[in-house]
Amino acid sequence: MGSRAGAVLLAAALLSAATGMRCGGGGPTVRIDVPLDPALLAGGATALSAVTGAGFQTASITVELDGVDLVAALGLVPPFSGQGGAVLLPGGPATVADFAIQQGSPASLNRIDADVAGLAAGPHTLVVTALNAQSVLASDQADFEVVEAFGQAAAALSSAPAPPSFFPLTPIPVANASLGEAAASPPIGTAAGDTVRSGFVEAAEQRIGGP
């Protein structure tokens, strides 16, 4: 075999290994379809969905959520459908509903579906594994995070720029007075006949520093 042909075969083998690394092997093996969004809002049920390749051993399928095998925790043996119950995860208790691992014929895919409610806020990891017809283990992993709606809004507000300030931080002198001080005494004035109004002289003298 020439060096060029050997290089092509080596490149093809490396590409096959790289594309199959996430699922534990090349070709259609195990694939997680849901969740794909890395951030999910808390408060509702989180949907989980995956498929296995044709001919995979249905009884070998495991569904681990945060390190807890949901199949074993609920005492189930695949295939099954419409199952559920309470499980204890590292972040606290959760409830599994509509759990199904549907057995397919050798020419079809095996489907895994479940709804999980009560997931604690924070990061989570879903891992689905199964044995193929040659008893080779394949797996896929999805990492996601459950966030509180209020926390997400608060984070958005904290990252927003501060609004511009339209008022000065220091007082501005205005006619021997500053903003925020008590109103100054009225200016001096005269009444009819050029007679000075009573009380206005004292106020004027205080304003101009007189006697």
In region 47-75, the residues that are over 18 Å from Leu126 (Cα atoms), surrounded by fewer than 18 Cβ atoms within 10 Å (Cβ to Cβ) and either hydrophobic (A, V, I, L, M, F, W, C) or in contact with a strand residue (DSSP E or B) (Cβ under 7 Å, 6 or more places away or on another chain) (or both): Ala54, Gln57, Ala59
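Restricting attention to region 112-120, does a residue exist that is touching a Pro at 6+ places or on another chain (Cβ under 9 Å), touching a residue at least 24 places away in the same chain (Cβ under 8 Å) and on the phi < 0 side of the Ramachandran plot? Even if it seems obvious, please write down each step before you answer.
The first filter runs over region 112-120 and keeps only residues touching a Pro at 6+ places or on another chain (Cβ under 9 Å), leaving 112, 118, 120.
Remaining after also requiring touching a residue at least 24 places away in the same chain (Cβ under 8 Å): 112, 118, 120.
Still in the list and also on the phi < 0 side of the Ramachandran plot: 112, 120.
Yes, some residue in region 112-120 is touching a Pro at 6+ places or on another chain (Cβ under 9 Å), touching a residue at least 24 places away in the same chain (Cβ under 8 Å) and on the phi < 0 side of the Ramachandran plot.
Every number in this text was worked out from the coordinates using simple rules, so none of it is lab data. Computed from a predicted structure; not experimentally measured. Here the Cβ is made from the backbone with ideal geometry for all residues, glycine too, and neighbour counts use every protein chain on show.
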